[in-house]
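The values are calculated or read from the model by the stated rules, or taken from the named source; none is laboratory data. No experiment lies behind these values; they were computed from the predicted model shown. Note: ideal-geometry Cβ built from the backbone for every residue, glycine included; neighbour counts use all protein chains shown.
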Amino acid sequence: MDYPFTIDDFLGGKIKLKQPVNGYRATSDAVLLAACVNAKKGQKILDVGAGSAAVSLCIAARCPDITIKGIEIQTEMINLARDNIAMNRLSDKINILQADIRSKKIDGLQTGTFDWVVTNPPFVLDKQPSPSKIRDIAHRESECPLNEWILNCLRYVSARGRFAMINRADRLPEIMTLLYPRLGALQIVPIWTKEGLPAKRFIVIARKGVRSAATLSAGIVLMHSDGSRTQQAENIMRHGKSIFFNV
């Protein structure tokens, strides 16, 4: 990469991430999404819209005995992801493919074979494009509407496998309408940036081939009202704890 970048610590330094100074940069969303994946030994994970591989790397740090494939459409982001995977010495566990999730067939991927499919899709609805083309494609919902993105992700979930996604709170009704007829055991996890304020994000986890009732989690509060990080957030962000097993 021939532009300025930083090397940032994730999960208390367990993961290093090379990121451009100006352009797409991974946020806490990536760590939170990874923290909902409790994959067992030998399971396979698909990361859709893998970006710089932040989600994949955080999952690999938490669940070491698994394999991950990521798909990403942007060449620049694929190169960055591969750099990050090599830097963290995880090339034997994570493989990034260049592909469009809407493609009927993707070389190297077989539908219905992944124990977990995770995604942090572009969800900014602003019609004004970002000056950075890479950031714009990564963040702004444009050519691929959210419903197409989700339905294509679901094609890769195995029988009794799980789908997990992080998105904006105002998209919850739309997403539930898409998932409810197709998956069961839905778990909805609200995410509050600061206590006392409305939740801006949520994670939804659902399972194929089961019909258990939906549940609403107590959720995650990232900061106290004074701006300090909560112990719950500290456990997830620094210590790599699951969103379901922390104080």
Those residues of the stretch 37-80 that are among the hydrophobic types (A, V, I, L, M, F, W, C) and assigned to a loop (DSSP other than H, G, I, E, B) come to a total of 7
Exercise. Can you find a residue in the stretch 90-100 that is outside any loop (DSSP other than H, G, I, E, B), modelled with pLDDT of 95 or more and of a type in the set (Gly, Ala, Ser)?
Worked result: no
Residues in the stretch 172-224 that are under 19 Å from residue 119 (Cα atoms) and aliphatic (A, V, I, L, M) total 16
Considering only helices (runs of 4 or more DSSP H) wholly within the stretch 133-245, the ones with at least 3 residues that are of a type in the set (S, T, N, Q) are 231-237
- Tell me, please, whether a residue that is in contact with a strand residue (DSSP E or B) (Cβ under 8 Å, 6 or more places away or on another chain) and under 30 Å from residue 107 (Cβ atoms) can be found in the stretch 208-219. yes
Within the stretch 142-178, restricting to residues that are of a type outside the set (S, T, N, Q), in contact with a helix residue (DSSP H, G or I) (Cβ under 8 Å, 6 or more places away or on another chain) and surrounded by 20 or more Cβ atoms within 10 Å (Cβ to Cβ), the one that is nearest to residue 104 (Cα to Cα) is 150
For the stretch 33-59, the count of residues that are hydrophobic (A, V, I, L, M, F, W, C) and either surrounded by fewer than 22 Cβ atoms within 10 Å (Cβ to Cβ) or free of Cβ contacts under 8 Å to residues at least 40 places away in the same chain (or both) equals 1
Taking the stretch 86-122 and keeping residues over 28 Å from residue 207 (Cα atoms) and either surrounded by 14 or more Cβ atoms within 10 Å (Cβ to Cβ) or touching a His at 6+ places or on another chain (Cβ under 7 Å) (or both) leaves 87, 88
Subset of the stretch 12-32, residues touching a helix residue (DSSP H, G or I) at 6+ places or on another chain (Cβ under 7 Å), surrounded by fewer than 21 Cβ atoms within 10 Å (Cβ to Cβ) and either assigned to a helix (DSSP H, G or I) or among the aliphatic types (A, V, I, L, M) (or both), comes to 28
